[in-house]
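Asks: One structure, pasted below without further comment.
Each reported figure results from applying straightforward, stated rules to the coordinates on display, with no laboratory input. Note that the coordinates shown come from a computational prediction; the quantities given were computed from them, not determined experimentally. As a convention, Cβ positions derive from the backbone with ideal geometry for all residues, glycine included, and neighbour counts pool all protein chains shown.
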Amino acid sequence: MSRRQSNDSQKPGSSEVVDQAKAVLAGKSGTSGLKKIAPFLGPAFIASVAYVDPGNFATNIQGGAQFGYMLLWVIIASNIMAMLIQSLSAKLGIATGKNLAELCREQFPMPVVWIMWVLMELVAMATDLAEFLGAALGFNLLLGIPLWLAGILTAIATFLILGFERSGFRSLEAVITSFVGVIAISYIVETFLDKPDWAQVFHAVVVPQFSGTESILLATGILGATVMPHAIFLHSALTQNRIVVRKPKTMQKLFRYELIDVLIAMGAASLINAAMLIMAASTFHRSGLTSIGTIEQAYVTLEPLLGKAASWVFGLSLLASGLSSASVGTMAGQVIMQGFLHFEIPVWIRRLVTMIPSLIVIFLGLDPTRTLVISQVALSFGLPFAIIPLVRFTSQKKIMGVLVNRKFTTLAASLVAILILGLNFLLIFFALRGGA
């Protein structure tokens, strides 16, 4: 991955963006406003796809249908935590010129490195499973075709999207950002159609509350579907060689621009997740349909409640989410293998290998939504191996230089890590007990 990224600057779209960014950092761009920050936007938008993937659809729809607007505050809090974690990941790449997996290889004994690699590969496979299934389900619902045929269409579409990477990082960033835009526009339309109670929405955002064990479990699921280990590894790789600067003050300036990227991208992801839950609350919970528990049920039920356009827009957003997140998951898998082992395989081989479990699930006729939820639990096992090294590395001055965490940042990140890990282990506990 790093070799390919280092060559990106030779590609037309990428080299132009790098030149523009360096002009801004040097104070010579002569631009202002959006044009000034545009060259720095992109990495966080790719990482943010993990925060609006099909796993989020499953947990947000269940949360809204069962408890109305109550858990909106959980979505907002989860995304604030994600902003902090992703900003540390972006900072790691900028400060060191290496990604998180590469630093783990350098800093840890090889037996630990091999164990981490195996675990992260399993996480990558669980990620691919959820995202591939989500895209296939989108094709299935929109086109009315069998799920197995939808799976084949998903595979072809993912290969086409990943092909944009050959044109440099900017082309792929543009495609992925466009998909995020489709999801966002879809939920703006959904929100307009379902006419939520904005007073209740505001109350749910600012007043944290639960209603029994099931609401706590769903809140944990929402958080578990938000902070993804593969996105943490990927974000550091997206910034490590994108815009290379080594002067301390310039690095600090670059990081401030990347923070804007994180705030915009993760803020958009937060609003999309909130809109998912608002849609489910305004449509299903308000109509007494609190038992809506699958994506297929949500799609079918939307039409008689809000009209055909609503179900079509919902299916389109699911398709955009699945295709974009499946592509990003494959990229993350490449970063993990290259970083831990200094070895990589052609992306088309990785895509073929990682789609096999998804196709098996489809051909066995397993419930897609249930499989999505189980995959989110599997991802929980990988979180300690991403968050703990990230906080540890970014708090060491010998690694980070001028971009080392301030004490308050390290404290906040440590508390977030403890909370995320604790809640994810709670989710695993309930799932193993059969309570999920």
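Asks: Of 418, 132, 201, which is farthest along the charge dipole of the chain in the positive direction, counting Lys and Arg as +1 and Asp and Glu as -1 at C-beta?
Replies: Positive-end residue among those listed: 418.
Asks: OK, next. Fewest first, what order do 363, 425 take by the number of other Cβ atoms within 10 Å?
Replies: 363, 425
Asks: Here's another thing I want to ask about it. Compute the acute angle (0 to 90°) between the alpha-carbon long axis of helix 308-341 and the principal axis of greatest extent of the alpha-carbon atoms of the chain; round to the nearest 10°.
Replies: The angle comes out at about 40 degrees.
Asks: Divide by every residue of the chain the summed helix terms, -39500 (n - 2.57) for each DSSP H run of at least 4, and state the resulting mean residue ellipticity at 222 nm, rounded to the nearest 500 deg cm²/dmol. Working shown, then result.
Replies: Values: 21 runs with 339 residues, N = 436.
Computed mean residue ellipticity for the chain: -26000 deg cm²/dmol.
Asks: From the C-alpha gyration tensor of the stretch 76-142, pull out the three semi-axes of the equivalent ellipsoid (sqrt of 5λ each), sorted largest to smallest, in whole Å.
Replies: Those come to 29, 20, 10 Å.
Asks: Using a 10 Å cut-off around each Cβ, can you sort 277, 366 from fewest to most neighbouring Cβ atoms? If you can, show how the numbers build up before the last one.
Replies: Details: 277 29, 366 13.
Ordered by Cβ neighbours within 10 Å, fewest first: 366, 277.
Asks: So what is Rg over Rh here for the stretch 179-250, counting just Cα atoms and using Kirkwood for Rh?
Replies: The Rg/Rh ratio comes out at 1.15.
Asks: Given the options 198, 117, 73, state which has the largest fluctuation in a GNM of the chain using a 10 Å cut-off (strictly under) for Cα springs.
Replies: In the Gaussian network model the winner is 198.
Asks: Sticking with this one: Compute the orientation-averaged projected area for the chain from the convex hull of its Cα atoms and round it to one decimal in nm².
Replies: With the hull built on Cα positions only, its mean projection is 19.9 nm².
Asks: Turning to a different aspect of this structure: Compute the angle between helix 295-306 and the longest alpha-carbon principal axis of the chain, please, reported from 0 to 90 degrees and rounded to the nearest 10.
Replies: 60 degrees
Asks: Step through the table entries 22/91; 35/397; 35/91; 249/407; 98/249, compare each Cα-Cα distance with 29 Å, and write down the pairs that go over it.
Replies: Checking Cα-Cα distances, 35/397 exceed 29 Å.
Asks: Right, next: Listing 203, 285, 342, 235 from the residue with the fewest other Cβ atoms within 10 Å to the one with the most, what is the order? It would help to have the intermediate numbers written out before the result.
Replies: Numbers: 203 15, 285 20, 342 11, 235 32.
Sorted ascending by nearby Cβ count, the order is 342, 203, 285, 235.
Asks: Which lysines, on any chain, are close to residue 308 with Cα under 22 Å apart, when same-chain ones fewer than 8 places away are left out?
Replies: 195
Asks: Moving on. What longest region of the chain stays clear of trypsin sites (Lys or Arg not before Pro) that DSSP places outside H, G, I, E and B and that have at most 13 other Cβ atoms within 10 Å?
Replies: For trypsin sites (Lys or Arg not before Pro) (loop position, at most 13 other Cβ atoms within 10 Å), the longest site-free span of the chain is 29-245.
Asks: Find the relative contact order for the chain and round it to a whole percent, using C-alpha pairs within less than 8 Å whose residues are 6+ positions apart.
Replies: Relative CO of the chain lands at 36 percent.
Asks: Can you classify the stretch 10-126 as rounded, prolate or oblate using the Cα gyration tensor, where a ≥ b ≥ c are the square roots of its eigenvalues, rounded means a/c under 1.5, and otherwise it's prolate if a/b beats b/c and oblate if not?
Replies: Oblate, since a/c reaches 1.5 and b/c is not below a/b.
Asks: From zero up to wherever the largest Cα-Cα distance of the stretch 236-356 sits, split into 10 Å bins and tell me the percent of pairs in each.
Replies: With a bin width of 10 Å, the distribution comes to 10, 26, 25, 23, 13, 3, 0.
Asks: While we're looking at this one, here's another question. What FRET efficiency comes out for the pair residue 289/residue 396, r = Cβ-Cβ distance, R0 = 45 Å, nearest 0.05?
Replies: 0.30
Asks: What do you get for the angle between helix 229-240 and the principal long axis of the chain? Use alpha-carbon atoms, 0 to 90 degrees, nearest ten.
Replies: Here the helix axis deviates by roughly 30 degrees.
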